[in-house]
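Inspection log for the structure reproduced underneath, given as structure tokens.
The values are calculated or read from the model by the stated rules, or taken from the named source; none is laboratory data. These numbers come from a predicted model, not from an experiment. Ideal geometry is used to build each Cβ from the backbone, glycine not excepted, and the neighbour counts take in all protein chains shown. Heavy atoms of the whole protein, side chains included, go into the accessibility calculation; ligands, DNA and RNA do not. Shrake-Rupley method; radii C 1.70, N 1.55, O 1.52, S 1.80 Å.
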Amino acid sequence: MFNVKELKKSILVSLWFMFLTFPIMVIKVNTIYGKVEWRWYRMALVGVGSFFLSFVWRALLRRKEMGLKKAEEGQEVKVPLTRKLISDKRFNRPALVVVCLFALLFPLVFSLYQVNIMTTALIYVVVGLGLNIVVGLAGLLDLGYVAFYAVGAYSYALLNYHFGLGFWTVLPIGAGLAMLFGILLGFPVLRLRGDYLAIVTLGFGEIIRIILENWNEFSFGPSGIANIPRPGFFGIQMNLHQVHIYIYYLMIGMTVFTIFVVRRLQDSRIGRAWMALREDEVACQAMGIDKTKTKLSAFALGATWAGMGGVVFAAKTTFINPASFTIWESIIILCIVVLGGMGSIVGVICGALVLILLPEYLRAFSEYRMLMFGAALIIMMVFRPGGIISDVRKVYHFEGLKEESKDL
Amino acid sequence: MDFGYFFELFLGGLTRGSIYALLALGYTMVYGIIELINFAHGEIYMIGAFTALIVTGVLTLMGWNKIAILILASLAAVVYSSAYGYTAEKIAYKPLRNAPRLSALISAIGVSLFLQNYVLLAQTSDFLPFPNLIPEFEFLKPVEDIVRSSEIVIYATTAVVMVALTILIKFTRIGKAMRATAQDQKMARLVGVDVDRVISITFIIGSATAALGGVLIASHIGQINFYIGFIAGIKAFVAAVLGGIGSMPGAVLGSLVLGWTESFFTGYISSDYEDVFAFIFLVLILIFRPSGILGRKDTDKV
Amino acid sequence: MLEMKNVQTFYGNIQALKGISLRIAEGEIVTLIGANGAGKTTTLMSVCGIVPPRAGEIFFEGRPIHHMAANKIVSLGICQVPEGRRIFPYLTVLENLDMGAFLRNDKAEIKRDLDYVFSLFPILAERRNQAGGTLSGGEQQMLAISRALMARPRLLLLDEPSLGLAPLVVKQIFEIIRKVNSEQKTTIFLVEQNANLALKVAHRGYVMENGQITMTDTAASLMANEQVRKAYLGI
Amino acid sequence: MVKINFRKLLVLLVAAAFIAAVSGPAMAADTIKLGVAGPHSGDLASYGIPSVKAAELVVKNINAKGGVLGKKVELIVEDDVCKPEVAANTATKLVGAGVNVVLGHICSGATKAALGIYKDSHIVVMSPSATNPALTQSGDYPNFFRTIASDDAQAKLEVEFALNVLKVKRIAVLHDKGDYGKGLAEYAKGFLEKDPRAKVVLYEGITPGAVDYSAVVQKIKRKKADAVIFGGYHPEASKIVTQMRKKKMKTYFISDDGVKDDTFIKVAKQYAEGVYATGPKDVSKNPLTIKARAEHVKAYGSDPGAFFENAYAATLALLNAIEKAGSTDYNAIVKALRTEYVDTPLGKIRFDERGDAIGVGFAMYQVRGGKYVEVK
Amino acid sequence: MSPALEVSNLTMDFGGLRALDSIDLTVNHGEIVALIGPNGAGKTTFFNCITGIYNPTAGDMRLVSPEGKAVRINGLKPNQVTENGMARTFQNIRLFQNMTVLENVMIGRHCRLRAGIPGAVFRPPRVRKEESRLIEDSYRMLQKVGLEKYVNEFAKNLPYGAQRRLEIARAMATEPFILLLDEPAAGMNTQETKELDELILRIRNEEGICILLIEHDMKLVMSLSDRIYVVDYGRKIAEGTPGQIKNDPAVIKAYLGEDIDA
């Protein structure tokens, strides 16, 4: 493959990038001291780097195309391991056992830090699954999802502060309040479609954050609320390590619960209506599906999980302020859903684990962390546009009359 | 009512609006043609500003005169922003042309993060003072405390850019190709339009507009850092949607409306909730006009 | 003029064309008939380079065009009126026609062609400043054909021109097709569901089934063919 | 063709990162581990990175002299993006890596979220920049120290200066809606409301990062404020001041140490002239400050950024305390911090019972001739 | 014969444009009625008005069920119209492409099911039964239109003719007493059209559903319909049996042309 044509291409790419990065990478001006620093070695680095990377990039693109081609030519397509694991009972049962065992033993094996970030990731799994209802199933692009997360977190913080309510009491209250907000948001935006919906939800998210920032009497403003108690367990005193492990298990439980409920919703009359709504709104209504009710239910249910996630978030962090609920947070949650594979539960779980754990593990690269994270997003989307787990949706399968006729 | 006060708020809103408009125009162009919410558009603007800063810094040290610097810096900003826009399209969006739209959005978010951190690492995290490149006009002396020359230049540039883009879209060959591509890509190819090229050019023009914005805004505000693109990008996006995304006059009108909304709300009520109000206003407009002020009503053909 | 040799084209997993070979001579009207999903539209898309074939060769006046980009193919003089008309909905009638002449630079000639299509379809002249999307189905089909003619094609590909049109309009359109062929000497490759109509207007025909050509003959003999009559003419 | 298996590559990369993350720090030899936490990416990175540089410089010097207690000092730098939830992860990461003391965090919110974890792990934390009064005054965080005075002290100074020195009657209090700026503004407003001599004519939050503040400036003008007290950072302050001065408004502008930064003067240029800002007592003559700043210019080719001296001082104080305590034992370090004076760019300091540095106070500065000059 | 759908004086304006001008139309139970006319005459607009997609400017529309229950459907939302017993298909196929054939039909049944969110989560026996019946019923519906062999295929992978029939099956799943078909034969070849003809007749005869269709294929229209309405420029220009219509000079001039087989 290292023929002249390829070589030429790579040289061109490398020259282009050297040109492209020239001012920003090479020159550093200090206007105060009147000094210009020329960092030519960087240009060399860029040149060499882009030269080799362009080979890799093209090789990967070719591979992607070849994968498509193979599929087109009807050749035996290697089913990706991930999909095999999910769809084949022989694989997924043992795999599930392994995953469960791993999840259960995790805090006993790994350090507090690992447990801590895993708990964070699990919160995002729950929240991501919630957003998946809205975006993945009902096809409504929501860029302000973090608002509901904030509602949950502040419900716990404030109810606890003012009335001393405990974690377990607030968990359903927070979920309910978030649901209420979901419905409140749902009403005005029902008529909007696509990107107009996106921008309005984005605005809603910002409105909630700004109100939290400004309304000191209510929310304590930007300095936030500290000393939020961690969840209790029959009043037993726990040290830091124990309490984190406890929250971890709590989150495992909640994740399982979420998966259970979301799966059942997905396979129900409501779930089908959501999917139909995503496919074709007009046809959907012609089939007797109430658009308003269906959209509202998606918003409300999606928000509920965000609310619950928010309550746990507040309890885990013990301190919240509006800085945790910026639009970036919404974007990250959206990335989880899209990157994982819209509409797929396993996909969303993978997405959450990858996106939340990746920046943590990228800490090894210190200041290049976020640069690599950005690059990773691009690469993953370019080479797996459908997400990590794409096209895996439970499909109603007909297997004959008068028998248990549903299949996984 | 205090008319002077009203007028000054009006001008303040106009400045804000014009600034948003320079960004929103590029946003709306790219959206119009491939329906991509180009989250990295703000970063392209930031790159433009940085390039201009670097060029200005070097040339100032070499003792060039101010006008020459302004022209060269703007030129460099336009060239480099366009180059970055073009490259981003080729790397991060083109392979996703047939993928779900949300995937392209995530890719754009990736580009945005990457460029931010690229500048953070290659340059600095600090705010850098940006020299005021726009000369003070003599004829503005009497009204100096009401309107400044940089503001005049911003209004003028926005107006010129909008008119130029409208002419480009309406009357030139490439403009026609753009409109055709926006409406039906496949058919555009069937009448002989090189769609890939048209998309590239759209990105280049959109990025160049952003770069002009970058130079002017940086010069007006007097400082830049690697993060200025993000908030500006979001605001421009809001403005573009408000006006009806995909429509050029809509982008400008939406930007101005947003600018005035913020300005008057701050002036007469409170800036604590200016964004809240701006967003509520947006929601209200979209409820009554679901496709923005000048947007086409996209009726679903049954 | 056009020759396809063993062309194979794929859509995703599905092989739509399983080795198509056909020839069209200059000045002919050739029709391709067949059931839905037989691959007729794909054949046209392969010729135009929108869905490039994976294997096989396509020649236009002796030049291989199977690796060319769509816009290059158009510039050679192949123009398509696609299924479903695909009018640019927000461009006016005039602008739509203008887009048809996108690759041409001869202003005077363009003007002449414009007058010609207006003479073919006077209704378009009346609606010249109306947005394409506001036209009725029949008018859109007229506009689509006119747009293609504006490119002054040497080979005109027509995909289902009668689809969804009232009987009166269908008749009008087919008269125009015949007229264009005889007056402008434009070669026409016609894909049509309504075999009855298509064979009436065409010189020769190909029958397509499941991505393969199963039969070819003059239009008259095809009309007479027992199998064709049963399967496609419904007699 | 070079066969590259994308998936394998990815798995490998992730695995490598994982191993690095899990095992990296644990393998380190016997060293004194100094954690540094703050925002090193994202919009607030410019407030976190200078601290890392300060710590790097101090550690380099100390290691060159043989380290602390005969051991080398090792830096473990972690990003918290100024977000509470990330800060909690950062804290557990640092705790897991076995840090002995922590320099950080930068934002008060992030600090609060992280402190609980350090507290339970008996680790001393010293922030160069977290000014929220509750951090030391609430008594919740015995392991917390800081080399910066709290917001209320600063606000008090600003208000007193405005009332006693400038003798203004009508004051506009602005803030940037942020953790730091708004906290400060709240205190200032509180102090002003208790004092009959002046009136708060405007209390408002501006939106940080906005392109234009002319509306707010108009409002200040219309309310006929004699002085503006601004809580926030220099990017916004310079925009407001510039617009005020260009509108020929002579209103006094009084701000905080987020503005007492050379960048402010560079950006606002001639318009910065006359602006008042509180800042740590003048340390520019302090030889240690001069040395530290010179080191920074030498090592990184630019002037140091925000909170550099505070971070430099905090690092010195922490390492000195370990040296004096003779061990890394929590109680010993705390005791040493409270009793032992240490020479820093901020002067000779030790810490009081609550964790505030004694001897670190604020002074009022004014921009004169392009420089901040202390107002006596 | 009792009316199933009564439309009187239906008028629809778009801006200044009058798309429909006081149209009267009745479909009786047990009838197959066709609505024909040139492109752009307002046929699809008429469908959109009576199915609630547009809100007509004036006029009165009523649905009367076989049991005699009459409902005025002006201003109802599309889904409410469907609930009241009128289903439709679309001119350009609007299936749920990424769902299976079975799922498409299951969604058609949506409005006849009752399970809500708690039902979905807790899945009590009632819901379980409802769901398993749903699958069986849907399958039977597919058998009726002859699509059972595609049951687990994705809708997008179906041949064109089968997609058209799936649309009909999906509409039938809503248990209508009147079915609106918008150009059901468009794009079908002669063979497929013949099968469609049979299917429509069967639906009327076996299910007792009356049908209103828009169609350009005159052979189909003439052979199927009991009565035909002809519209042009939003106005009704003729009404009658196929025989009458075929020979109506106004219709020939506006729509048919001289030679009907063409």
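When the test is whether a residue is of a type in the set (Ser, Thr, Tyr), without any contact (Cβ under 8 Å) to a residue 40 or more places away in the chain and in a helix (DSSP H, G or I), A:TYR196 passes it. Look at region A:145-165 and say how many of its residues are at pLDDT below 90 and touching a Leu at 6+ places or on another chain (Cβ under 9 Å). Total satisfying the criteria: 1.
When A:SER268 is tested against (1) polar (S, T, N, Q); (2) surrounded by 24 or more Cβ atoms within 10 Å (Cβ to Cβ); (3) free of Cβ contacts under 8 Å to residues at least 24 places away in the same chain, exactly one condition is not met: (2).
Could you tell me whether any residue of region B:123-133 is within 11 Å of another protein chain (Cβ to nearest Cβ), touching a strand residue (DSSP E or B) at 6+ places or on another chain (Cβ under 7 Å) and polar (S, T, N, Q)? Yes, that holds for at least one residue.
Of the strands (runs of 3 or more DSSP E) entirely within region E:195-262, those holding at least 3 residues that are open to solvent by less than 50 Å² (accessible area, probe 1.4 Å) and within 14 Å of chain C (Cβ to nearest Cβ) occupy E:227-232. Among the conditions (1) open to solvent by 20 Å² or more (accessible area, probe 1.4 Å); (2) within 23 Å of the chain's Cα centre (by Cα); (3) modelled with pLDDT of 90 or more, the only one that B:LEU128 does not satisfy is (3).
Per-residue answers, yes or no, for (1) in a helix (DSSP H, G or I); (2) within 10 Å of another protein chain (Cβ to nearest Cβ); (3) in contact (Cβ under 8 Å) with a residue 40 or more places away in the chain:
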site: B:VAL238; (1), (2), (3): yes, yes, yes
site: B:PRO249; (1), (2), (3): yes, no, yes
site: B:VAL252; (1), (2), (3): yes, no, yes
site: B:ILE280; (1), (2), (3): yes, yes, no
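Taken over region A:328-359, the criterion of being farther than 21 Å from B:SER112 by Cβ, touching a Leu at 6+ places or on another chain (Cβ under 7 Å) and in a helix (DSSP H, G or I) is satisfied by A:ILE345, A:VAL348.
In the condition set (1) open to solvent by 20 Å² or more (accessible area, probe 1.4 Å); (2) farther than 17 Å from D:LYS65 by Cα, D:PRO345 is compliant with all but (1). Checking the structure you have, find out if any residue of region E:100-119 is assigned by TED's automatic domain parsing to the domain that holds E:SER225 and part of a loop (DSSP other than H, G, I, E, B). No, the conditions are met nowhere in region E:100-119. In region E:14-50, the residue that is nearest to C:SER136 (Cα to Cα) out of those that are open to solvent by 10 Å² or more (accessible area, probe 1.4 Å), away from chain C (no Cβ under 14 Å) and outside any loop (DSSP other than H, G, I, E, B) is E:ARG18.
The listed residues are E:ARG164, E:ARG133, E:ARG128, E:ARG140, and the only one of them that is out of contact with any Lys or Arg (no Cβ under 9 Å at 6 or more places or on another chain), surrounded by 16 or more Cβ atoms within 10 Å (Cβ to Cβ) and either in contact (Cβ under 8 Å) with a residue 24 or more places away in the chain or not in a loop (DSSP other than H, G, I, E, B) (or both) turns out to be E:ARG164. Of note, B:ALA218 satisfies the criterion of being touching a strand residue (DSSP E or B) at 6+ places or on another chain (Cβ under 8 Å), part of a helix (DSSP H, G or I), within 12 Å of another protein chain (Cβ to nearest Cβ) and surrounded by 18 or more Cβ atoms within 10 Å (Cβ to Cβ). Filtering region A:212-248 to residues that are β-branched (Val, Ile, Thr) and within 25 Å of the chain's Cα centre (by Cα) leaves A:ILE245, A:ILE247.
Per-residue answers, yes or no, for (1) more than 17 Å from the chain's Cα centre (by Cα); (2) surrounded by fewer than 21 Cβ atoms within 10 Å (Cβ to Cβ):
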site: B:PHE137; (1), (2): yes, yes
site: B:LYS141; (1), (2): yes, yes
site: B:ARG148; (1), (2): yes, no
site: B:GLU151; (1), (2): no, no
site: B:ALA159; (1), (2): no, yes
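With surrounded by fewer than 20 Cβ atoms within 10 Å (Cβ to Cβ), more than 9 Å from chain B (Cβ to nearest Cβ), in contact with a strand residue (DSSP E or B) (Cβ under 9 Å, 6 or more places away or on another chain) and in a loop (DSSP other than H, G, I, E, B) as the only criterion, which of D:LYS250, D:LYS224, D:LYS285, D:LYS260 stands out?
Step by step, each of D:LYS250, D:LYS224, D:LYS285, D:LYS260 is checked, and only D:LYS224 is surrounded by fewer than 20 Cβ atoms within 10 Å (Cβ to Cβ), more than 9 Å from chain B (Cβ to nearest Cβ), in contact with a strand residue (DSSP E or B) (Cβ under 9 Å, 6 or more places away or on another chain) and in a loop (DSSP other than H, G, I, E, B).
Considering (1) modelled with pLDDT of 90 or more; (2) on the phi > 0 side of the Ramachandran plot, the lone condition that B:GLY222 does not fulfil carries the number (1). Being in the same structural domain as D:ILE62 (by TED's automatic domain parsing), modelled with pLDDT of 90 or more and in contact with a Pro (Cβ under 6 Å, 6 or more places away or on another chain) is a property that does not hold for D:ALA332.
Contact annotation: no residue pair with Cβ atoms under 9 Å, 6 or more positions apart or on different chains, pairs a residue in region B:289-302 that is more than 16 Å from A:GLY194 (Cβ to Cβ) with a partner that is at pLDDT below 80 and surrounded by 15 or more Cβ atoms within 10 Å (Cβ to Cβ). Just one residue in the set B:SER112, B:SER107 is assigned to a helix (DSSP H, G or I), touching an Asp or Glu at 6+ places or on another chain (Cβ under 6 Å) and either crowded, with 24+ Cβ neighbours inside 10 Å or within 10 Å of chain A (Cβ to nearest Cβ) (or both); that residue is B:SER112. Being of a type in the set (Asp, Glu), more than 11 Å from every other protein chain (Cβ to nearest Cβ) and open to solvent by less than 10 Å² (accessible area, probe 1.4 Å) is true of B:GLU89.
Looking only at residues in region D:76-96 that are more than 7 Å from chain A (Cβ to nearest Cβ) and not in a helix (DSSP H, G or I), which one is most open to solvent (accessible area, probe 1.4 Å)? By that ranking, first place goes to D:VAL81. For C:GLY27, are the conditions met, namely being modelled with pLDDT of 90 or more, touching a Leu at 6+ places or on another chain (Cβ under 7 Å) and open to solvent by less than 50 Å² (accessible area, probe 1.4 Å)? So C:GLY27 fails the test. When region C:54-73 is filtered for residues that are open to solvent by less than 20 Å² (accessible area, probe 1.4 Å) and either of a type in the set (A, V, I, L, M) or under 16 Å from C:THR9 (Cα atoms) (or both), the ones remaining, listed by number, are C:ILE58, C:ILE65, C:ALA70, C:ILE73. Residues that are assigned to a helix (DSSP H, G or I) and buried (at least 22 other Cβ atoms within 10 Å of the Cβ) within region A:276-293 comprise A:ALA276, A:LEU277, A:ALA283, A:CYS284, A:GLN285, A:ALA286, listed in sequence order. When the criteria are applied in full, E:ALA115 fails the requirement of being in contact with a strand residue (DSSP E or B) (Cβ under 6 Å, 6 or more places away or on another chain) and either facing another protein chain (nearest Cβ under 7 Å) or within 22 Å of E:LEU201 (Cβ to Cβ) (or both).
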